[in-house]
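Working notes for the structure below.
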Amino acid sequence: MKTLYKVLDKDNKSPFKGYLYPIGEWQHCSDFDEDRTHICSKGFYATGIEGTTYAFSKDMNMWEVEVKGRFVEFDAYKRRYEYMKVIRKLDNDEIVKLAKAKEKELGYKLSEILFSDNPFSRIRENPNKRRLRHNKYYCLKNFLIGGRRDGWIY
């Protein structure tokens, strides 16, 4: 048995197929596909924490799952299993802790990818009038002078 992670929407459904995952019950895929040439096929999908980046967002939940039985593992993002049980929902602090524990091995900041900051969200909706006047003056001044020192014209 292996512990992995699964991203589900707020209704505990798969974001790709809409399958409703019951909590705490083993699910069995009776027609599990062991063929490695079939990249998207029948089975339950779960990944390590590093593989959750493709589906996780603020609108999704991350769950700890257990898997067992036959399996096909392609890479960190694509792992298919015959049996799966959804154990518990992780809170954001747990997700960050798991991600940070993996960062040295991965060589990048997984926690910042999972909880990325949109710099545009910090831009003020209504900048103050003084700032707007300054920007208009600066652009007009540079246009009238003939451009900046590097030769570009506004």
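Please give the charge dipole size of segment 2-114, origin at the Cα centre, charges +1 on K and R Cβ atoms and -1 on D and E Cβ atoms. Round to the nearest 20 debye.
Approximately 60 debye in magnitude.
Contour minus end-to-end for Asp75 and Ile23, with contour as 0.36 nm per residue of separation and end-to-end as the Cα-Cα distance?
The span from Asp75 to Ile23 would gain 16.1 nm if fully extended.
Karplus couplings for segment 108-113 from phi (6.51 cos²θ - 1.76 cosθ + 1.60, θ = phi - 60°), rounded to Hz, Gly and Pro as x?
The phi angles translate into 8, 8, 4, 4, 6, 6 Hz.
Taking the Cβ-Cβ separation of Ser116 and Asp31 as r and a Förster radius of 41 Å, what is the calculated FRET efficiency to the nearest 0.05?
Efficiency computed from Cβ-Cβ geometry: 0.60.
What are the ³J(HN,Hα) couplings of segment 100-106, residue after residue, when phi is run through the Karplus curve with 6.51, -1.76, 1.60 and θ = phi - 60°? Round to Hz, x for glycine and proline.
Running phi through 6.51 cos²θ - 1.76 cosθ + 1.60 with θ = phi - 60° gives 5, 5, 9, 4, 4, 5, 6 Hz.
Apply the Karplus parameterisation 6.51 cos²θ - 1.76 cosθ + 1.60, with θ equal to phi minus 60°, to every residue of segment 22-34 and state each ³J(HN,Hα) to the nearest whole Hz, in sequence, with x for glycine and proline.
For segment 22-34, the Karplus curve yields x, 8, x, 10, 5, 10, 10, 9, 5, 10, 3, 9, 8 Hz.
For the pair Ser41 and Asp91, how long in nm is the line joining their label points, each one 7 Å along Cα→Cβ?
4.1
FYI, it's all coordinate maths here, none of it is from the lab. None of the values given here were measured: they were computed from a predicted structure. When we count neighbours, we look across all protein chains shown, and the Cβ atoms used for this are built from the backbone with ideal geometry, even at glycine.
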